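One structure is given below, encoded as structure tokens.
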Amino acid sequence: MKKKDIKILLVDDEPDILEIVGYNLSSEGYQVTTAENGKEAIKKAKKEIPHLIILDVMMPEMDGMEACEKLRNIPELAETIITFLTARGEDYSQVAGFDAGADDYITKPIKPKVLVSKVKALLRRYKETKEETGKVKLGDLVINREEYKITLANEEMILPRKEFELLALLASKPGKVFKREVILDRVWGNEVVVGGRTIDVHIRKLREKIGDEKFKTVKGVGYKFVV
């Protein structure tokens, strides 16, 4: 995919951030749309269907956390990468961000070149899954990799992108124990460092949605999917 075809939604209530960051990303050739709060971001995201959303945490009307959760409930945005933009010293935790459905976070202030590099790394995660077409059926669970959705007990469900990829990985070989480092590499990629706690958060959410009995923790090693 060419840069001119990639859409980025930049959300921040600070005009200077929108201007500076927006300028640098536009200069790289990306299509950049801006929003000043969470409500406006949701409206524009539905219209534009961006590949990447850069979302400030502290904003008026609707903060980044709430906006992220709402964005993750929009099926058309299942493949969209969402990263938080956070100021140092803000009352924010990585776990809370991942819990809300974010894929990563960027700490500001950040130098323009570093930001562009970070964005490139995030966009490398945006992969077409057409080569991995077909459905995987495991009991009452059906995983549709092409449409990025699952069916559980005949009910369709849309999962956030990382939850889907984690589930698809574990379910690809039921009974196999996937080591934590393998999960991080296969689901999050090795270009951006995230903590092991990230996996735990996503596994917990999958257990809540798919069933606790489907996932087994192998202490000190990793996780496996149980049929």
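The values are calculated or read from the model by the stated rules, or taken from the named source; none is laboratory data. Everything numeric here is computed off the predicted structure, so don't read it as measured data. Cβ atoms come from the backbone with ideal geometry, glycine included; neighbour counts cover every protein chain shown. Please note that ligands, DNA and RNA were not included when accessible areas were found on the heavy atoms of the full protein model with its side chains. Shrake-Rupley method; radii C 1.70, N 1.55, O 1.52, S 1.80 Å.
Counting only alpha carbon atoms, the long axis of helix 161-172 and the longest principal axis of the chain meet at about 20°. Can you give the local net charge around residue 204? Use residues other than it whose beta-carbon is closer than 11 angstrom to its beta-carbon, Lys and Arg +1, Asp and Glu -1. Net charge in that neighbourhood comes out at -1. Note on the chain: GNM, Cα springs under 10 Å; of 99, 63, 140, the largest mean-square fluctuation is that of 140. Mean-square fluctuations from a GNM of the chain, with a 10 angstrom spring cutoff on Cα atoms, peak among 153, 78, 45 at 153. For the chain, with all protein chains in place and a probe radius of 1.4 Å, 49% of the accessible heavy-atom surface sits on carbon or sulfur.
Of the residues 148, 105, 30, the one that moves most in a GNM of the chain with alpha-carbon contacts below 10 Å is 30.
Order 166-178, 32-44 from most to least packed using the mean count of other Cβ atoms within 10 Å.
Numbers: 166-178: 17.6, 32-44: 19.6.
Highest-to-lowest ranking by the protection proxy: 32-44, 166-178.
Take the Kirkwood radius over Cα pairs of the chain, plug it into Stokes-Einstein at 37 °C and 0.692 mPa s, and you get 180 µm²/s for translational diffusion.
A P(r) calculated from all alpha carbon pairs of the range 19-89, with 10 Å bins opening at zero, reads 20, 55, 25, 1 percent.
Per residue, the accessible area of the chain comes to 51 Å² when a 1.4 Å probe rolls over the protein heavy atoms.
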